[in-house]
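The structure under discussion appears below in the form of structure tokens.
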Amino acid sequence: MGGLRILITNNSLAMRAGSELYVRDLATALLARGHTPIAYSTELGDVARELRAATVPVIDDLEALGAAPDLIHGQHHLETMTAILRFPGVPAIYVCHGWAPWQEAPPRSPRILRYVAVDHACRDRLVFEHGISEERVRVLFNFVDLERFAPRAPLPARPARALVFSNAASERTHVGVLREACARAGIALDVVGLDAGNPSSSPETLLGAYDLVFAKARAALEALAVGAAVVLCDAAGAGPMVTTAALDRLRALNFGIRTLREPLVPEVLAREIARYDPADAAQVSRRIRAEAGREEAVDEIVGLYREVLAEHARHSEDGEDTRAASVYLQWLGPFLKKRVTQAEGTAHHLLGERDELRLEGERLRTERDQGLRERDQGLRERDRLEVERSELQALCEQERAHSDRLRDERERALAELAILRGSTTFRLRDRVLETPLLGGLARLALRVAKSR
């Protein structure tokens, strides 16, 4: 059997996150092996551009395919079922990447011959929540591109630099707690991720500069491959330092949600930081590079494709597609109805708020207009008072000038009086007035003069 046409579906090919990057790494590896991968999503963006730059066809409309694929590699139920219904007779596998997201719930179709879980938590979701038989479920662990994530130099005896590597990391989630824990240990901390406003399109160029990395899932796997010591941690909780003793158990859980069992408090994180062991971290990295490489994982995936194609060739669905589509729509319907009802309720609420805001706007405009009128009246009153103030100031200046003139005249009169009192005539007058007979006659004459 030669190269295969593989249609890979995904909820989004926009931001650089777990399943999006899985599609990128798988598609480019398939292309390098002579297969024809086609990536399909209704939401395109950065990862779609990376794929196209690598010459992988990317579509957001299945009508763009001029030939049917040999197999559908489904991820996320809406896109998977859309592809299955568009291409009758084409077998499929379905890959579940998450325990919690609604988009990861497995659809049921007779043409989905295998369900793949990336860890044991996802396997349990498939088998024990959605009734998928264990015989149809395969666990294929996540992988890392070893060429992209090359080994770093040996770790120092004590960690000096640490990195929070997560799209969910921000000061609102767990970065503050990590800062405190690292500060206690004297470790500088940086943050890379979408919510921190610092995403990276090439984390492989950054990870080698850090001795300690706080991450989960794919991000943790990439940091381990580079050779950093890794403490499992994310907004959902704290986990352990990844050691050789715990590696098999933690990898079987994809270094994910089931490993994050402890509270996000500085004491827990400080305890795990204290377990830093450069020799053990190096051994963990060697094992990851030996067991979790992309090429070996793609060997398994391609082997599963061929297994499914062979099984499909031996069996026929006998019209079961339409029944499966009906079951799927029956499952999907209540969710969509609930969402539509919620959307309608939200729209009604928003319309009510809009009307309230319009009334509030009208009230504020009325208050604004009244305020403007009062302001204009105040400005006119201010201008009138300014005129009065100027007039009063002019009167004050006039009164001040008149007062200054009176003061000058008084001072001149006092000076002249002082001169007069010092003259011979005035002193003779005083002596005459001091003589009893002459003084009395003089005073009498003055009274007579005044009376006339």
> What percentage of the solvent-accessible surface of the chain, computed with a 1.4 Å probe over protein heavy atoms, is contributed by carbon and sulfur atoms?
Replying inline: 54 percent
>> I want to check the label-to-label distance for GLU267 and ARG148. Put each point 7 Å from Cα in the C-beta direction and report it in nm to one decimal.
In response: 4.0 nm
>> I want the local charge near CYS233. Using Cβ-Cβ distances under 12 Å, sum +1 for each Lys or Arg and -1 for each Asp or Glu among the other residues.
In response: -1
>> Helix-only mean residue ellipticity at 222 nm, the chain, DSSP H runs n ≥ 4 weighted -39,500 (n - 2.57), per residue, nearest 500. What is it?
In response: -18000 deg cm²/dmol
> Of the labelled options (1) -0.64; (2) -0.74; (3) -0.57, which one gives log10 I(q)/I(0) by the Debye sum over Cα atoms at q = 0.09 Å⁻¹ as computed for this structure?
Replying inline: (2)
>> How far apart, in nanometres, would the label points at ASP383 and ASP248 be if each is projected 7 angstrom from Cα along the Cα-to-Cβ direction?
In response: 9.3 nm
> Quick one: if the Förster radius is 41 Å, what FRET efficiency do GLU362 and GLN342 give, using the C-beta to C-beta distance and rounding to 0.05?
Replying inline: 0.85
>> Let me spell out the model: positive unit charges on the Cβ of Lys and Arg, negative unit charges on the Cβ of Asp and Glu, origin at the Cα centre of the stretch 150-277. What dipole size does that give, in debye rounded to 20?
In response: 200 debye
> Once the piece of chain linking LEU309 and THR55 is laid out straight, how much longer is it, given 0.36 nm per residue of separation minus the C-alpha distance between them?
Replying inline: 88.9 nm
> Which Cα, out of VAL265, SER133, ALA281, lies furthest along the positive dipole direction of the chain (beta carbon charges, K/R +1, D/E -1)?
Replying inline: VAL265
> To the nearest 20 debye, what charge dipole does the stretch 97-224 have about its Cα centre, counting +1 at the Cβ of each Lys and Arg and -1 at the Cβ of each Asp and Glu?
Replying inline: 140 debye
>> Along the charge dipole of the chain, pointing to its positive end and built from +1/-1 on Cβ of Lys, Arg, Asp and Glu, which listed residue (GLY74, SER451, ALA217) has its Cα farthest out?
In response: SER451
>> Please give the Cα centre distance for the stretch 113-155 versus the stretch 156-178, rounded to the nearest Å.
In response: 26 Å
> Got a sec? Charge dipole of the stretch 8-91, +1 on Cβ for Lys and Arg, -1 for Asp and Glu; which of ILE84, ILE8, THR42 is way out at the positive end?
Replying inline: ILE8
> Relative to the Cα centre, what is the charge dipole magnitude of the chain, using +1 at the beta carbon of each Lys and Arg, -1 at the beta carbon of each Asp and Glu, and rounding to the nearest 20 debye?
Replying inline: 2560 debye
> So how do THR82, THR28 rank on accessible area, 1.4 Å probe, biggest first, that is with the largest at the start?
Replying inline: THR82, THR28
>> What number comes out for accessible area per residue over the chain if the probe is 1.4 Å? Units Å², please.
In response: 54 Å²
> If ligands, DNA and RNA are left out, what is the accessible area of MET15 with a 1.4 Å probe, given in Å² to the nearest 10?
Replying inline: 90 Å²
> How about the stretch 238-297: which trypsin sites (Lys or Arg not before Pro) there lie in a loop by DSSP and see at most 15 other Cβ atoms within 10 Å?
Replying inline: ARG261, ARG275
>> Taking R0 as 51 Å, what FRET efficiency do you get between ARG400 and ALA188 from their Cβ-Cβ distance, rounded to the nearest 0.05?
In response: 0.10
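The values are calculated or read from the model by the stated rules, or taken from the named source; none is laboratory data. Note that the structure is a prediction, hence the values are computed from the model and not measured. We place every Cβ from the backbone using ideal geometry, glycine too, and count neighbours over all the protein chains shown. For accessibility, only protein heavy atoms count, side chains too; no ligands or nucleic acids. Shrake-Rupley method; radii C 1.70, N 1.55, O 1.52, S 1.80 Å.
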